[in-house]
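The values are calculated or read from the model by the stated rules, or taken from the named source; none is laboratory data. Keep in mind the model is a prediction, meaning the values are calculated, not measured. Heads up, the Cβs are rebuilt from the backbone with ideal geometry, glycines too, and the neighbour counts pull from every protein chain shown. Surface accessibility is based on the protein's heavy atoms, side chains included, excluding ligands, DNA and RNA. Shrake-Rupley method; radii C 1.70, N 1.55, O 1.52, S 1.80 Å.
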Amino acid sequence: MSDPRVLVVVPTYNEKDNLPLVAAGVLANPNFRLMVVDDGSPDGTGAVADGLAGKYPGRVEVMHRTGPRGLGRSYIDGLRKAIADSTVDLVCQMDADLSHNPEYLPALAAATADHDVVIGSRYLNGVSVVNWPLHRIFLSAFANRYIRAVTSLTPKDCTSGFRCWRREALARLPLDRMVSDGYAFLVEMLFEARRAGCRIGEVPIIFVERRQGQSKVSKAVLIESLITPWRLLFRKSP
Ligand SMILES: Nc1nc2c(ncn2[C@@H]2O[C@H](COP(=O)(O)OP(=O)(O)OP(=O)(O)O)[C@@H](O)[C@H]2O)c(=O)[nH]1
Ligand SMILES: [Mg+2]
């Protein structure tokens, strides 16, 4: 695929200061477009996204969600729309808090030449995470070992939200039966990707902890990520 057309889907909740920087990084690549999926952020991120749509005509679309918020829900809505867009070859997903440097996007996109989904991975060469307290590194490293042990998924970083999919591979996932909403949603996507026969690859990234804005990691999300691998394992194929 020479010069693939790429749509980058970014879920946002209270990221008004980070989003313009992410947009500039994404749109520095000529064939890239951005879809912001905002969950009615109280800090006005939705309006900032609308402003970016005006600043970059035809290259930024904004989905304003209402009703219950959630990372998984937002991804399902955004990715459905991306899958239906036949002008798109590759669909990327990434966080809006600058932990995922947009400069890695071309490398992720290039690696889809021989993979259906490519993960921007923190754990390929040891641990490449900047500014995380030690307990957070242990938690994430443990979570990944646990997930791989239970599900026998092979990627080193199953909870990374930085990914690039071939659109037609993404279209094979049964998004309508996905059940989880936090990080677990990301694991569930990989689980279903493997089941759908997708070739999963990884490229190394350096992950930098957010500098602005607040973390949304809750106890409920952590508990969900402990339970979900087992749920997936015992879920029958369609
Ligand atoms: N639409 C939407 N986006 C969300 C929601 N929760 C988090 N996000 C976004 O999802 C991405 C990842 O969330 P983060 O809060 O950064 O999660 P994290 O990286 O585990 O935690 P931090 O340590 O705070 O960075 C960011 O772009 C958030 O703005 C939500 O409920 N709805
Ligand atoms: Mg983050």
> Any idea what Rg and Dmax come out to for the range 64-157 if you just take the C-alpha atoms, in Å?
Replying inline: 15.6, 44
> Residue-wise, which Karplus ³J(HN,Hα) couplings in Hz belong to the range 34-47, taking 6.51 cos²θ - 1.76 cosθ + 1.60, θ = phi - 60°, and x for glycine or proline?
Replying inline: 10, 10, 9, 10, 9, 9, x, 3, x, 7, x, 4, x, 5
> Rolling a 1.4 angstrom probe over the protein heavy atoms, how many square angstrom per residue are accessible across the chain?
Replying inline: 46
>> If the reach is capped at under 22 angstrom between alpha carbons, list the lysines near residue 16, excluding any in the same chain fewer than eight residues apart.
In response: 55, 216
>> So for the chain, averaging the separation of alpha carbon pairs under 8 Å that are six or more residues apart and normalising by length, what relative contact order in percent results?
In response: 23
> Stretch residue 177-residue 47 to full length: gain in nm at 0.36 nm per residue minus the Cα-Cα span?
Replying inline: 43.6 nm
> Let a ≥ b ≥ c be the square roots of the eigenvalues of the Cα gyration tensor of the range 127-238; is it rounded (a/c under 1.5), or, if not, prolate (a/b larger than b/c) or oblate?
Replying inline: prolate
>> Quick one: the Cα spread of the chain along its three principal axes, in angstroms, biggest first?
In response: 46, 38, 37
> Where Rh denotes the Kirkwood radius from the mean inverse Cα pair distance, what is Rg over Rh for the range 13-130?
Replying inline: 0.95
> With springs only between Cα atoms under 10 Å, which of 40, 197, 72 fluctuates most in a Gaussian network model of the chain?
Replying inline: 197
>> Full-extension gain between residue 5 and residue 218, please, as 0.36 nm times their residue separation minus the C-alpha to C-alpha distance.
In response: 73.1 nm
> Under 13 Å from a point 7 Å along the Cα-to-Cβ line of residue 211: which residues of the range 128-165 have their amide N that close?
Replying inline: 131
> Among 156, 219, 16, which one shows the biggest mean-square fluctuation in a GNM of the chain, springs joining Cα atoms closer than 10 Å?
Replying inline: 219
>> Report the Cα centroid-to-centroid distance between the range 72-137 and the range 181-202 in angstrom, as an integer.
In response: 12
>> Compute, for the range 125-184, the length of the dipole vector about the Cα centre, with Cβ point charges of +1 (Lys, Arg) and -1 (Asp, Glu) only. Units Debye, rounded to 20.
In response: 160
>> Among 96, 49, 110, which one shows the highest mean-square fluctuation when the chain is modelled as a Gaussian network with alpha-carbon springs under 10 Å?
In response: 110
> For the pair residue 29 and residue 233, how long in nm is the line joining their label points, each one 7 Å along Cα→Cβ?
Replying inline: 3.6
